[in-house]
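> Just passing along the structure, written as structure tokens.
The values are calculated or read from the model by the stated rules, or taken from the named source; none is laboratory data. Please read these numbers as outputs of a predicted model, since none were measured by experiment. Positions of Cβ are generated from backbone atoms using ideal geometry, with glycine treated the same way; all protein chains shown enter the neighbour counts. Calculation scope for accessible area: heavy atoms of the full protein, side chains included, ligands and nucleic acids excluded. Shrake-Rupley method; radii C 1.70, N 1.55, O 1.52, S 1.80 Å.
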Amino acid sequence: MDREEFDRLTAIADSVRTPANYKVEISDGTLVMMTGPSGIHEFIARRLRMRIEHGIAGRDEWAGMAVHGGMDVLDDANLIRRNPDVCVFPEDDLLTVENHVPAADLRLAAEVVARSNPENDWEAKLRDYPRMGIPVYLIIDPRQGTITVYSEPKGGRYTARAAYAFGRDVPLPGFGFSIATADFPTY
């Protein structure tokens, strides 16, 4: 896909009238429409955001960072546009009239796997996020009750992987703390 095609797809994605809570992403020259999330999906995403915010609060190395969900993440170099359920990036990136933040600024992206389209998180985003240079990618899968942590992107792939069952504390590489998951429900 070239820049002209990406810009055409972006214009289409931006003009599509979607129902509330739908997302439109661009990957591999394709528009990807995501359905609205379930309550369990949103419960887990909210708890994750709160726990990351708590973990970085008061720590100088994380000052000025936002824990956010619902913002498009744009990689201009690889022509990819994604919308993680939760991500961590400099808060100043929100001081824009644009509807996206630069992928290069992300420190973490997390996805809560949807029952309707698990391949998007387990395959397509696992392909895209390391190409985008995102240092840590969490896949939280309520279908299986697992969290898989990918880190150390190199050559367009993650070189480190660790898997945990719900109920375990999950260390976040490079963050210096763990996320409690004992109250994460399954589908």
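> Name the residues in region 75-133 that are under 22 Å from Ser178 (Cβ atoms) and of a type in the set (Phe, Trp, Tyr), would you?
Once the filter is applied, which keeps residues that are under 22 Å from Ser178 (Cβ atoms) and of a type in the set (Phe, Trp, Tyr), region 75-133 yields Phe89, Tyr129.
> Condition check: closer than 23 Å to His41 by Cβ, open to solvent by less than 20 Å² (accessible area, probe 1.4 Å) and in contact with a Lys or Arg (Cβ under 7 Å, 6 or more places away or on another chain). Does Val73 satisfy that? Lay out the reasoning, then the answer.
Details: closer than 23 Å to His41 by Cβ: yes; open to solvent by less than 20 Å² (accessible area, probe 1.4 Å): yes; in contact with a Lys or Arg (Cβ under 7 Å, 6 or more places away or on another chain): yes.
Taking the combined requirement at face value, the residue satisfies it.
> Scan region 48-56 and give yes if some residue there is surrounded by fewer than 17 Cβ atoms within 10 Å (Cβ to Cβ), at pLDDT below 95 and on the phi < 0 side of the Ramachandran plot, otherwise no.
Step one: list which residues in region 48-56 are surrounded by fewer than 17 Cβ atoms within 10 Å (Cβ to Cβ), which gives 50, 53-54.
From what is left, the residues that are at pLDDT below 95 are none.
Checked against the condition, which is being surrounded by fewer than 17 Cβ atoms within 10 Å (Cβ to Cβ), at pLDDT below 95 and on the phi < 0 side of the Ramachandran plot, region 48-56 yields no hits at all.
> Considering (1) more than 13 Å from the chain's Cα centre (by Cα); (2) modelled with pLDDT of 95 or more; (3) not hydroxyl-bearing (Ser, Thr, Tyr), say which one Val86 fails and leave the rest.
(1)
> Anything in region 27-60 that is free of Cβ contacts under 8 Å to residues at least 40 places away in the same chain, within 23 Å of Pro130 (Cβ to Cβ) and assigned to a helix (DSSP H, G or I)? List them, or say none.
Listed by number, the list holds a single entry, Arg49.
> Sticking with this one: Which is modelled with pLDDT of 80 or more, under 13 Å from the mean Cα position of the chain (by Cα) and over 19 Å from Arg127 (Cα atoms), of Ala45, Ala109, Ala103, Ala63?
Numbers: Ala109 fails: over 19 Å from Arg127 (Cα atoms); Ala103 fails: over 19 Å from Arg127 (Cα atoms); Ala63 fails: under 13 Å from the mean Cα position of the chain (by Cα).
Every option except Ala45 fails the conditions.
> Yes or no: region 118-131 includes at least one residue that is of a type outside the set (Phe, Trp, Tyr) and within 24 Å of Ile56 (Cα to Cα). Give the derivation first.
Within region 118-131, the first condition is being of a type outside the set (Phe, Trp, Tyr), and the residues that meet it are 118-121, 123-128, 130-131.
Keeping just the survivors that are within 24 Å of Ile56 (Cα to Cα) gives 130.
So far as region 118-131 goes, yes, one or more of its residues are of a type outside the set (Phe, Trp, Tyr) and within 24 Å of Ile56 (Cα to Cα).
> Just to be sure I understand, how many residues within region 1-16 are in contact (Cβ under 8 Å) with a residue 24 or more places away in the chain, assigned to a loop (DSSP other than H, G, I, E, B) and touching a strand residue (DSSP E or B) at 6+ places or on another chain (Cβ under 8 Å)?
Qualifying residue count for the region: 0.
> Val16 is checked against (1) open to solvent by 50 Å² or more (accessible area, probe 1.4 Å); (2) among the β-branched types (Val, Ile, Thr); (3) more than 30 Å from Arg143 (Cβ to Cβ) and fails just one. What number does that condition carry?
If we test Val16 against (1) open to solvent by 50 Å² or more (accessible area, probe 1.4 Å); (2) among the β-branched types (Val, Ile, Thr); (3) more than 30 Å from Arg143 (Cβ to Cβ), just (3) comes out false.
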